[in-house]
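Here is the structure we will look at, set down as structure tokens.
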Amino acid sequence: MPAIRPDHSGLAEALRYRVLDGPGVSNRATRKAAAERASGGQAIAASYDDLVRQIGESSHRVTSAQVERLVSEVGSQKAAFEVIVAAALGAGLLRWRSAIKVLDEVSDASAGN
Amino acid sequence: MRLQEIDRGDSIVSHLFISFISLVSRMRLPDAARVALYHKDFFSVPMGEWTQAAMRGSSEWSVGERELMAALVAKWNSSSFCVRAHGAVSAKELERSTVDAALADYHAAPISERLKVALEFLETMTLRPTELTSKHAKAVLAAGVSAEALKDAIAVGAVFNIVTRYANTLDFAIPTADEFHRAATMLLKRGYGS
């Protein structure tokens with residue numbers, strides 16, 4: 001029996017939905033804004049704007065002081081964790097969508113030949 | 001670890017589990033595993049499911065090749081923890097010298113041409129995602145990589161563009177080489193599901 005292939009698109013969407021649209025300690029709008037900012041979107045009117053931008057661009061340069069400011073502003077470590085993974089997810093899904101788009105373009109062109 | 005709640009566990013059960021595993025394994029439970037135990041329903045369950053599918057699901061890429069892809073994505077994102085963690089797993093499946101050569105310069109490493117072109121795609125995807133065009137995908141397919149295999153490689157790349165970012169942001173502690181080696185054995189045995 002052939003092995004069942006993973007449904008990567010479905011798994012990516014399930015992760016996106018849970019982190020950005022599901023319930024959490026932080027509100028959905030905060031998480032969505034972090035995900036968009038980390039994927040090149042608009043600045044956030046919050047003290048942690050530089051942090052979520054940096055998670056997208058150069059996460060290895062994030063400092064402890066930036067994370068402490070985030071915890072202070074969102075009110076708890078759990079809420080801060082949600083914002084951090086939302087930003088990381090935004091950057092990762094930008095890459096997922098960009099790559100799948102070019103793969104689909106080639107696959108569609110081949111199917112049309 | 002920059003969030004103390006992750007370090008100690010967010011429930012008595014998690015705290016006891018972290019303490020117990022650290023005691024019996026005679027090493028500090030790595031921060032990646034602590035994140036997997038934290039706020040599980042919110043993140044680590046769906047993240048673990050995609051990671052397990054990408055790294056251990058059915059694919060034309062071997063486990064060692066996918067772990068090498070993960071290690072290189074980590075290198076491009078400057079995540080020391082993930083480079084060492086996934087380099088160690090890959091080295092258990094491929095030769096350690098092969099992994100080291102690929103981490104130094106994958107173009108010159110003794111790996112297959114199809115893996116090299118997939119890595120070229122993943123490098124652009126990681127560092128310059130908006131520059132990806134159909135030419136990049138065509139180059140991979142022209143080297144004999146199937147569309148399904150390229151999608152599998154993209155999934156590995158996407159997952160580790162997420163993992164490396166929170167690993168860096170949370171400042172994962174770096175275990176010793178021996179501890180990475182032992183953790184790699186566990187990752188091969190148990191996989192990534194939460």
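Miscellaneous remarks
- Cα centroids of the range A:82-113 and the range A:21-65: 20 Å apart.
- Counting every other Cβ atom within 10 Å of each residue's Cβ, A:95, A:16, A:61, A:28 order from fewest to most as A:61, A:28, A:16, A:95.
- If R0 is 35 Å, the Cβ-Cβ spacing of residue A:28 and residue B:4 corresponds to a FRET efficiency of close to 0.85.
- Within chain B, the longest segment free of exposed loop sites, counting GluC sites (Glu not before Pro) that fall outside DSSP classes H, G, I, E and B and have at most 15 other Cβ atoms within 10 Å, spans B:96-194.
- Here the peptides B:13-23, A:31-41 are ranked by packing, the mean other Cβ count within 10 Å, and the order with the highest first is A:31-41, B:13-23.
- Global form of the range A:40-91, assessed from the alpha-carbon gyration tensor, a/c cut-off 1.5: rounded
- Applying the Karplus relation 6.51 cos²θ - 1.76 cosθ + 1.60 with θ = phi - 60° to the range B:84-97 yields 3J(HN,Hα) values of 6, 5, 7, x, 5, 5, 4, 5, 6, 9, 9, 7, 4, 5 Hz, where x marks Gly and Pro.
- About the Cα centre, charge dipole magnitude for chain B (Lys/Arg +1, Asp/Glu -1 at Cβ), debye: 200 debye
- Residue-averaged beta-carbon neighbours from other chains (10 angstrom radius) around A:57-67: 4
- 0 to 90° range, to nearest 10: angle between helix A:64-74 axis and chain A longest Cα axis: 90 degrees
- Couplings for the range A:95-101, taken from phi via the Karplus curve 6.51 cos²θ - 1.76 cosθ + 1.60 with θ = phi - 60°, read 5, 4, 5, 4, 6, 5, 4 Hz in order; Gly and Pro are left as x.
- Ranked B:187, B:3, criterion: other C-beta atoms within 10 Å, fewest first: B:187, B:3
- Taking a point 7 Å from the Cα of residue B:100 along the Cα-to-Cβ direction, the residues of the range B:72-91 with backbone N closer than 16 Å to it are B:84-85, B:87-91.
- Here the contact order of chain A, divided by its residue count and restricted to Cα pairs under 8 Å and six or more residues apart, works out to 30 percent.
- Phi-derived couplings, Karplus 6.51 cos²θ - 1.76 cosθ + 1.60 at θ = phi - 60°, listed residue by residue for the range B:98-106: 5, 5, 4, 5, 5, 5, 6, 6, 5 Hz, with x used for Gly and Pro.
- Once the Cα atoms are used to define both axes, helix A:28-38 deviates from the longest principal axis of chain A by about 70 degrees.
- Model label zone, residue B:107; criterion: amide N under 18 Å from point 7 Å along Cα-to-beta-carbon; scope the range B:129-160: B:136-137, B:139-140, B:143
- Choice from A:12, A:91, A:45 showing the highest fluctuation, given a GNM over chain A with Cα pairs closer than 10 Å: A:45
- Cα long-axis angle, helix B:44-56 against chain B (0 to 90 degrees, to the nearest 10): 40 degrees
Values in this text are rule-based calculations from the coordinates and carry no lab data. Keep in mind that what you see is a predicted model, and the values were worked out from it rather than measured. Ideal geometry is used to build each Cβ from the backbone, glycine not excepted, and the neighbour counts take in all protein chains shown.
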